[in-house]
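What follows is a short report on a single structure.
Here, each number is a calculation from the coordinates, and none is a lab measurement. None of the values given here were measured: they were computed from a predicted structure. Reconstructed Cβ throughout: ideal geometry from the backbone, glycine too, with neighbour counts over all protein chains shown.
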Amino acid sequence: MKTINLIKTQYLRDQTQPDPNVSHRVLTLNTKILISLGIIGLLFTGTTTTAYSQTAKSSLNDDRLLEQIDRYSVPKNDDALGQVNNISQLRDVSPTDWSYEALRGLVDRYGCIAGFPDQTFRGNQPLSRYEFAAGLNSCLNQIERLIASMETVSAEDLAIVRRLTQEFEAELAALNERVDDIEERTASLEDDQFSSTTKLTGEAVLSLGNIFTGDNASGQEIDSEPVYGARARLGFNTSFTGKDLLFTQFTAGNFPFFSETTGTFEGDLGLIADNGNDLNLLVALYSFPLSDRTTVVLEGSGGIAFDFADTISPLDHFNDSASGSISAFGVRNPIYNQVSGAGIGIRSELSDSFELSAGYLAPNAANPNDENGLFNGAYSALGQLVFKPGDRFKLGLTYVNSYNSSDTFTGSNLANFNSFVQGAVGETVPITSNSYGVEASFTLSDRLIISGWGGYTTSRVLESVTGQNGVSISRGDQDIWNWAVTLAFPDLLKEGNLGGVVVGMEPKVTDSSIDITGVANNTDLDTSLHVEAFYQYQLNDNIAVTPGAVWITAPNHDSNNSDVVIGTLRTTFTF
């Protein structure tokens, strides 16, 4: 690269005999600075770790999608440099210096200086000589381009340029050295980078948990010891166009399901990781924009509703409780949990106020056997309309139709009828269900968000079945309800922290015409409440510590059972 002094010499010496190739030989200093900084920023910066379905899954709408993976693009954020066409807009430059007046004249005539979108160079700080020199160099390059294209530049302006370059010669030379150094380091980083199209994101969660007191679903006192486990996830975020996203994620962990001890899904922690520390593929999906307002998501494996639908809840961080709510129930309306597997989803902004989501997922899509596959086995189909008249309020109306996929994995045993029948009879029975949900969120202030939901599911057992153990299940219908009210306290006591409170009723069977051998009651006769509180404290951008507790009254919706209290201390590392 030519030095700044050579560039200045070329401007002044060849003004009467312009070389048309100069503009191709010389890269403007400002442009090189921006490109180099952009490259380093992109090489060093990972995407948000809270993964998609589980670490990066939130990326599918505008605030979650991987915005840009192009190595040589300047990041589009509030600090991105933009063009300022009048020097008076750069209000931090002193208007009393002759150089200010001189540069203002050049900018007014040639529109050649770049500043920040807030019309300052460094907030409220005075413009330094180095910053001024960068602006001057922009004008030098603009004049050089005009000369190269045979356009006229007045002798007076050339004299001004000559005087300014003499006064700021040392600063221009220093900027040149800095750019050379940046280019060398950038070249080294590019040679050693992981991939030009893929970013690696990761998450590791260490969790201490304990069931302090209470009875299990059978009325027996729980005798449980504290457990300490972990879950780790690695995500590969790949973009081929800067707007699409190929996301694959692998997981391993050993944190147990407390439902195995309590005998009910009520109160279970959301940190799902009981796979014996085996590394498994968790998610494989590809999303791409169909238009400026519509995104399509192709789910190859591990798809879930929030890949393409807004769950409204501010406590749902789309990473299976690595952050946000500590329980499986506290993150979102349980009816969303029915939607999982492989298939397709679509999310479209109908207008600034309305958003439509739809999707079809099949949990056994990869199984070619009879009564399985993409279309001949279990499935869930979701449709949702979200009304958002402003930044502070959102209202969602959700419908889910499913076949053999109605379990929500929160609530009572009867409310998760597929799992109940599997345990009672030893085989599955065909079940269809229709679920209806209403979700709302209202931001009262920057420090308080009130939200909540209500859900209703009607399930139907299509065939009677009798297991080898003699237990029989008759045809019939179920009505299942759930609701919750949540409070979110963003930036509580410190920026980046999050406090949360959840009060609600996990799924409960209120009416049933299904007869079950040996079961006197086919409905949940009592009502238990889910009460949860947590405080997520950000030690820094990459480490968060979250103490929290869940209190379940009348576990399994049975007032004969003593209340269950579960506590946890969760530490989340993201990179």
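Some points to look at:
- Take the convex hull of the alpha carbons in region 229-304; its mean projected area over all directions comes to 6.6 nm².
- Region 198-574: relative contact order in percent, alpha carbon pairs under 8 Å with at least 6 residues between: 15
- Stretching the chain fully between D541 and D278 yields a gain of 91.8 nm (0.36 nm per residue, less the alpha carbon separation).
- Sorting the segments 539-546, 159-166 by their mean number of nearby beta carbons within 10 angstrom, highest to lowest, gives 159-166, 539-546.
- Residues of region 432-473 with amide N under 20 Å of the 7 Å Cα→Cβ point at L395: 436-445, 449-456
- Nitroxide proxy distance, nm - points 7 Å out along Cα→Cβ at R475 and N434: 1.8
- Listing R332, R104, R447 from fewest to most neighbouring C-beta atoms within 10 Å gives R447, R104, R332.
- Estimated from the Cβ-Cβ distance and a Förster radius of 45 angstrom, the FRET efficiency linking E151 and K243 is about 0.75.
- The A187 and L356 beta-carbon pair, evaluated with R₀ = 51 Å, returns a calculated FRET efficiency of approximately 0.65.
- Neighbour counts of C-beta atoms inside 10 Å place E156, E167 in the sequence E156, E167, starting with the fewest.
- Proxy reagent accessibility, fewest Cβ within 10 Å first, across S301, S196, S451: S196, S301, S451
- Residue separation of E371 and A520 scaled by 0.36 nm, minus their Cα-Cα distance, works out to 50.4 nm of gained length.
- Region 444-501 - percent relative contact order, Cα under 8 Å, separation 6 or more: 38
- Inter-part distance, region 240-258 to region 332-353, computed on C-alpha centroids, equals 18 Å.
- Long-range HN-HN contacts of S562 with modeled amide H, under 5 Å: D215
- Scaled radius of gyration (Cα, divided by 2.2 N^0.38 Å) that region 285-335 gives: 1.29
- Each label point was placed 7 Å from the Cα along the Cα-to-Cβ direction; for D108 and T510 their separation is 7.3 nm.
- The stretch between Y228 and L462, if pulled fully straight at 0.36 nm per residue, gains 80.0 nm over its current Cα-Cα span.
- Overall form of region 516-575: prolate. Here a/c, set by the Cα gyration tensor axes a ≥ b ≥ c, is 1.5 or more, and a/b is the larger of a/b and b/c.
- Label separation (D446 vs L569): 3.3 nm, computed from points 7 Å beyond Cα along the C-beta direction.
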